[in-house]
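The values are calculated or read from the model by the stated rules, or taken from the named source; none is laboratory data. All of these numbers come straight from a predicted model, not from anything done at the bench. Heads up, the Cβs are rebuilt from the backbone with ideal geometry, glycines too, and the neighbour counts pull from every protein chain shown.
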Amino acid sequence: MCVSDILARARAGRTKTRNVTAKCCRAWPLSDFDKIDQALMGGPTMTVLTQEQKDAFWRDGCLVVPDAVSPDLLGALRAEIAGWVEASRAHSMPFGTPTVDGRPRFDMGSEHSPERPALRRINNPSDISDAYLQAMRDSRMTDMVADLIGPDVKFHHCKINLKLTGAKTEVLYHQDFAYTRIPTMMSSPRSCSSTTLTRPMAR
């Protein structure tokens with residue numbers, strides 16, 4: 001989909017800027033995004049978060065919102081994970097088609113075994129899963145991020161961190177910003193890390 005297509009859809013009221021870059025994933029000049037924004041200026045602004053939620057995010061630096069994806073999509077995300085865990089039983093080393101930056105798609109802990117899988121990370125699952133691609137492109141989570149830092153949101157990367165029963169997976173306290181480089185050419189760049197829990201989190 002090229003810029004002219006997006007502009008045509010925008011003028012016809014059939015698209016939103018918040019989904020443009022995620023759906024196209026192309027490096028366009030900023031002027032192209034300005035054109036798209038201008039084409040959408042006359043349309044109604046659709047928001048998911050309340051003003052109170054937005055204020056809480058900018059005050060506290062984080063925001064917890066239920067139902068970031070639909071129940072059907074959540075079920076599909078869980079099913080994909082279950083399938084990947086099952087597939088990992090046949091491997092003793094990281095496996096899968098490498099990501100664009102050369103990382104293994106699937107990574108296991110040293111305690112991994114066929115009897116007790118310890119799959120701990122799936123890198124960029126949106127590359128290989130329609131469900132995760134939908135969650136990234138077109139879900140309430142995407143709209144929430146756009147409400148906070150949009151509307152011209154650009155997708156950087158995604159990953160799944162798993163803590164399976166019996167595994168020794170540990171993700172230490174950290175900040176994501178150091179791992180997400182924002183092009184300096186962008187005016188007023190802002191970033192936001194979004195986490196979707198597919199299972200209840202034990203305290």
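Considering VAL64, VAL20, VAL85, the condition of being at pLDDT 90 or above, within 19 Å of ALA131 (Cα to Cα) and either among the hydrophobic types (A, V, I, L, M, F, W, C) or part of a helix (DSSP H, G or I) (or both) is satisfied by VAL85 alone.
Selection within region 142-159: residues that are in a loop (DSSP other than H, G, I, E, B) and charged (D, E, K, R). The member of this set that is surrounded by the fewest Cβ atoms within 10 Å (Cβ to Cβ) is ASP152.
Filtering region 113-129 to residues that are free of Cβ contacts under 8 Å to residues at least 40 places away in the same chain and either part of a loop (DSSP other than H, G, I, E, B) or of a type in the set (Asp, Glu) (or both) leaves SER113, PRO114, GLU115, ASN124, ASP127, ILE128.
So is ARG59 outside the structural domain of ILE128 (by TED's automatic domain parsing) and modelled with pLDDT under 90 or not? The answer is no for ARG59.
Here region 72-106 is the region considered, the condition is being among the hydroxyl-bearing types (Ser, Thr, Tyr) and surrounded by 13 or more Cβ atoms within 10 Å (Cβ to Cβ), and the residue that is farthest from the chain's Cα centre (by Cα) is SER88.
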